[in-house]
Amino acid sequence: MEHKTKLYERIYVAVILAFFYLPILYVVLFSFNESKSLSRFTGFSLQWYEKMFADRMIMSAIGYTVLCAVIATIVSTIVGTITAIGLSKSNRILRETITQVNNLPMLNPDIVTAIGFMLFFTSLKIKTGFVTMVLAHIAFCIPYVILSVMPKLRTLDPNLAEAAMDLGCTPMQALWKVIIPQIRPGIVSGALVAFTMSFDDFVISLFTTGPGVSNISIYVYGAVKRVNPTINALSAIIVYVITIVLILMNVVPMIRERKGKKNEKAVTL
Amino acid sequence: MKSFSKMVYPYIVWAFVMIVLPMVMIVLYAFTVKGNSVLTFQFTLDNFARFFRDTIFPTVLWRSLKMAFITTGLCILIGYPTAYIFAKMKPNNQAIMILLVTLPMWINVLVRTYAWRGLLGYVDLSTEMRVYVGMIYNFMPFMILEIYTSLSKIDPNLIVASHDLGANDAETFRRVILPLSLPGVVSGITLVFLPAVSSFFIPKFLGGGQYVLIGNLIEDYFITSGDWNFGSAISLIMAIIILISMYVMRKLDHENKEVLD
């Protein structure tokens, strides 16, 4: 399929990328605006950043978002991995049933899953707040962890654990020393998916949280009703962090690969 | 070895409580009388009757479906050529392009939609057009990535073979590349259509509160007016329509695969 990209194709791609990046650049630019205006750039200032860091609500929203994502990731990764290992040894009917049930939150629109949680918590007279939000996050993250661990288990040689136990391992040791290391890439990517899903979530958090507990999304949702350039600063900071993380994630392996190649060359010389 | 299968048991309980029960709750609420405890289950069909009695609700439902259809169509129309151009680039450039498309997706959806608000202040667009821009902006990356994945899996030898057998570029595209990339289009459709139907903050942010979609109705009945029974009925109607359209999509995809085989 590979060929030289023609000029009109380059222009097309450039237009699409401009469409993707224009609003992001716009927000970053206006986060440095001196005035409150969102349409006229009057001069450079860092006041919105100062205001943002001084804003208690924003700081607590960031705190809740990170804390919730960390707890949801840890719990859903552990539970999801344990369940996936169990499922790989279970009969077909149980496996199919669990897969179908897990499909519910993945295929349903977020808002349906969200109101389900809300009705469930309030019917049980559980006060909504941080705990209910974390529980809901754990619930919608586990299916994604299972989904990314299962394929690794399918390609795993079933005799490996058997052999480990024949050589004197207890089932726990076989699990910890043989199975887990083999499926580690699946566990890591599952954890990453869980973290981003939780960190970015808006709809499910909105319906499962209680008064006084907002994550970043809920804060933005409530704050945009009036002109509020501190959101520009908050958005810009999110953009910086994500850009740095993604560049590091993509550049570090590239550098490592190059170094590896150099070392190889050194060896052959 | 068999003992490992016991490791599923805790999750069976969890999945029943945290996934199945909440869904049952929606159904229960949708079929019960307002203000009545669900535990004393007072069956009614009135919530559904109310939805279809008033013209406003079917109108909003129709508007949401239409909007999701058009959004999905535009995402294919704009996204397919993009993915196609990507798939023809040098491998290194392909990786860069995919990274560039993925990067905005990592930024919070609300922040991304909020960003459009200021930018759209410069152009004179109707409320509906603004909402379309927001929808396409948020969902097109999914479409591009799905189509790109299926295009990049196509064996290049198939294209060489097609040319060797006398097909020109257009014929090769129509008879080889397009059918083989359809699975990507299908999964792209599910990734765009689903969130587009139920979206409620995109119309709220960009439509200035005047543009109401089915998701906004559900949000209002749950958060503002507190009529959970009617809200549940609306959600149930939406969920059923989505289920039916997904089923039809899968069926079409299967038939397409059978033809290919």
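Among the residues making up region A:22-56, those that are hydrophobic (A, V, I, L, M, F, W, C) and in contact with a Pro (Cβ under 8 Å, 6 or more places away or on another chain) are A:I24, A:F30, A:L38, A:W48. Take region B:57-75 and flag every residue that is crowded, with 17+ Cβ neighbours inside 10 Å and within 13 Å of the chain's Cα centre (by Cα). Matches in region B:57-75: B:S64, B:L65, B:M67, B:A68, B:T71, B:T72, B:C75.
Within region B:85-129, being surrounded by fewer than 16 Cβ atoms within 10 Å (Cβ to Cβ) and closer than 18 Å to A:S31 by Cβ holds for B:G121, B:Y122.
When the criteria are applied in full, B:V197 meets the requirement of being under 23 Å from the mean Cα position of the chain (by Cα) and under 23 Å from B:Y29 (Cβ atoms). Within region B:160-194, the set of residues being within 14 Å of another protein chain (Cβ to nearest Cβ) and more than 30 Å from B:M135 (Cα to Cα) comprises B:V160, B:A161, B:S162, B:H163, B:D169, B:T172, B:V176. Looking across A:I216, A:I138, A:I204, A:I146, one residue alone is touching a residue at least 40 places away in the same chain (Cβ under 8 Å), buried (at least 19 other Cβ atoms within 10 Å of the Cβ) and more than 9 Å from every other protein chain (Cβ to nearest Cβ). It is A:I204. Only one of the listed residues (B:D46, B:D54) is more than 10 Å from every other protein chain (Cβ to nearest Cβ), more than 25 Å from the chain's Cα centre (by Cα) and surrounded by 15 or more Cβ atoms within 10 Å (Cβ to Cβ). That residue is B:D46.
The set of residues from region B:93-142 being at pLDDT 90 or above, in contact with a helix residue (DSSP H, G or I) (Cβ under 7 Å, 6 or more places away or on another chain) and not aliphatic (A, V, I, L, M) comprises B:Q94, B:R130, B:Y132, B:G134, B:Y137, B:N138, B:F139, B:P141, B:F142.
Of all the criteria given as (1) surrounded by 11 or more Cβ atoms within 10 Å (Cβ to Cβ); (2) at pLDDT 85 or above; (3) hydrophobic (A, V, I, L, M, F, W, C), the one not satisfied by A:V224 is (2).
The residues on offer are B:V8, B:V27, B:V17, B:V60, and the sole one that is more than 7 Å from every other protein chain (Cβ to nearest Cβ), among the β-branched types (V, I, T), in a helix (DSSP H, G or I) and free of Cβ contacts under 8 Å to residues at least 24 places away in the same chain is B:V17. Taking the criterion of being β-branched (V, I, T) and either surrounded by 14 or more Cβ atoms within 10 Å (Cβ to Cβ) or outside any helix (DSSP H, G or I) (or both), the residues of region A:227-256 that qualify are A:V227, A:T230, A:I231, A:I237, A:I238, A:V239, A:I242, A:T243. Among the residues of region A:119-135, the ones that are free of Cβ contacts under 8 Å to residues at least 40 places away in the same chain and either more than 9 Å from every other protein chain (Cβ to nearest Cβ) or not polar (S, T, N, Q) (or both) come to 6 in all. State whether one or more residues within region B:47-70 are within 25 Å of A:T243 (Cβ to Cβ) and among the aliphatic types (A, V, I, L, M). No, because not a single residue in region B:47-70 is within 25 Å of A:T243 (Cβ to Cβ) and among the aliphatic types (A, V, I, L, M).
Condition check ((1) within 21 Å of B:W116 (Cβ to Cβ); (2) in contact (Cβ under 8 Å) with a residue 40 or more places away in the chain; (3) more than 21 Å from the chain's Cα centre (by Cα); (4) assigned to a helix (DSSP H, G or I)) across all residues:
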residue	(1), (2), (3), (4)
A:K36	yes, yes, yes, no
A:F41	yes, no, yes, no
A:Y49	no, yes, yes, yes
A:T73	no, yes, no, yes
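Each residue in region A:85-101 was checked for being without any contact (Cβ under 8 Å) to a residue 60 or more places away in the chain and within 7 Å of chain B (Cβ to nearest Cβ), and 6 of them qualify. A:T83 satisfies every condition listed in (1) more than 26 Å from the chain's Cα centre (by Cα); (2) of a type outside the set (A, V, I, L, M, F, W, C); (3) farther than 30 Å from B:I223 by Cα except (1).
For region B:85-124, how many residues meet the condition of being free of Cβ contacts under 8 Å to residues at least 24 places away in the same chain, in a helix (DSSP H, G or I) and within 12 Å of B:P141 (Cβ to Cβ)? Here the count works out to 4. For A:Y21, indicate whether it is closer than 24 Å to B:I76 by Cβ, surrounded by fewer than 11 Cβ atoms within 10 Å (Cβ to Cβ) and modelled with pLDDT of 85 or more. No: the conditions fail for A:Y21. Within region A:112-134, being out of contact with any helix residue (DSSP H, G or I) (no Cβ under 7 Å at 6 or more places or on another chain) and part of a helix (DSSP H, G or I) holds for A:T122, A:V131. Which of the residues spanning region A:229-256 are more than 10 Å from chain B (Cβ to nearest Cβ), over 20 Å from the mean Cα position of the chain (by Cα) and not hydrophobic (A, V, I, L, M, F, W, C)? A:T230, A:P253, A:R256, listed by residue number. Every condition in (1) outside any loop (DSSP other than H, G, I, E, B); (2) under 23 Å from A:A223 (Cα atoms); (3) touching a residue at least 12 places away in the same chain (Cβ under 8 Å) holds for A:L22 except the one numbered (3).
The set of residues in region A:151-171 being under 26 Å from A:A72 (Cβ atoms) and either of a type in the set (S, T, Y) or within 12 Å of chain B (Cβ to nearest Cβ) (or both) consists of A:L153 alone. One residue alone among B:I202, B:I214, B:I159, B:I218 is over 16 Å from the mean Cα position of the chain (by Cα), surrounded by 15 or more Cβ atoms within 10 Å (Cβ to Cβ), of a type in the set (V, I, T) and modelled with pLDDT of 90 or more, and that residue is B:I218.
Residue-level analysis places A:V239 among those that are over 18 Å from A:S45 (Cβ atoms) and touching a residue at least 60 places away in the same chain (Cβ under 8 Å). Any residue at all in region A:28-42 that is more than 10 Å from chain B (Cβ to nearest Cβ), at pLDDT 90 or above, within 30 Å of A:A174 (Cβ to Cβ) and surrounded by 14 or more Cβ atoms within 10 Å (Cβ to Cβ)? Checked against the condition, which is being more than 10 Å from chain B (Cβ to nearest Cβ), at pLDDT 90 or above, within 30 Å of A:A174 (Cβ to Cβ) and surrounded by 14 or more Cβ atoms within 10 Å (Cβ to Cβ), region A:28-42 yields no hits at all.
The values are calculated or read from the model by the stated rules, or taken from the named source; none is laboratory data. Worth saying up front: this structure is predicted, and the values here are computed from it rather than measured. We place every Cβ from the backbone using ideal geometry, glycine too, and count neighbours over all the protein chains shown.
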